[in-house]
Structures are given as C-alpha cells and as structure tokens.
Amino acid sequence: MTTPPERPPFQADERTALLGWLELQRGILRWKCDGLSEADAHRSVVPTSPAMTMAGLVSHMRWVEHLWLEVLFLGGDKTGNPSFDDTRDDADWDTDGAPLPRLLAAYEAQCARSDEIVAAASLDDTGRHPDYRSAGANLRWMLIHLIEETGRHAGHADIVRELLDGAKGYY
C-alpha cells in the first residue's frame, strides 16, 4: 500500500487543522483500498455486518459527505442520497456491484465538492435545511463530526483490509 497523506502542521490555524485532519482520514480510507481486487473490495469479512466491505465503506462515506455538507449545511435536495431511504436499512452502504474505481471516483468528486462548500463558508455559518435539527450545527461542528466519522470508518477499513489479505499499516 502507498503512503497516505501527512498530518496537518502542528501550528496550523483552525481551518487548516480541521481540513488537514479530514483529508488525512479520507486519505487513509483511500489508501486501504489500494491494490484490492474487485472480489475483495466487495467481500464481506464481518458476518454480523455484511454491508461492511471496502466498497461499502467508500460508498457510505461518499454519502455521509453529501448528507452533511450538501443537504444539511447547504439545505440541498436529499432525494438522491440513499441515506434518506427509509425503505432499506443501510442503503448508503449498497454498492449495487459498482466497481471500486467508480466508487472511489464518486467519493473523490464528493470530497472535492465538500471542499468547495467549506472554502466558501465561515466556520461559524450554520446549516440551512429546515427539516433536520442537526442542520442547526455550525460548519465547525459538522467538520469535526466528519473527521470523527471518517476516522472511525478508516479504522474499520484498516481491520477489513487486514482480514481480507493481511495488509497492515498506519500512516
């Protein structure tokens, strides 16, 4: 596996630190996908969590970024995001057999969109979606949450990858 991004600078300002930590966790998730076969990317290794595949983790994180920044923060349309599908559990983890490179490209595009949204806003700005209480959080809170959730799932990816083929590594 290739080396993922580095930590943000020790003396970084708040925005640089928040975005640096988020990008580090995103990079770890992408790094854990390096060199996986399609079969392994879609193979479940946790019997009690069949959706927790490397492909499923990438899909889920793409939709998490969309949920928090495009829907809750900007007040955008939720209809295309499977996280809001009340008819299926964990719909945002469903990859529909999409190849890992396509899922990673969609994640990259969503991360780039998220970065654009963050660059255009103040950390003190609050979300705009009228239907969700969590939209009342400011951008700072949302970024901290994205760091936490991305980091948690990067840790899952670390374990899933080790169970798939024994590959280990910490940035």
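Taken together, the values in this text are just the output of simple stated rules run on the coordinates, not laboratory data. All of these numbers come straight from a predicted model, not from anything done at the bench.
Most mobile of 77, 90, 158 per a Gaussian network model of the chain (Cα springs, under 10 Å)?
77
Rounded to whole Å, give me the distance from the Cα center of the stretch 95-171 to that of the stretch 14-58.
10
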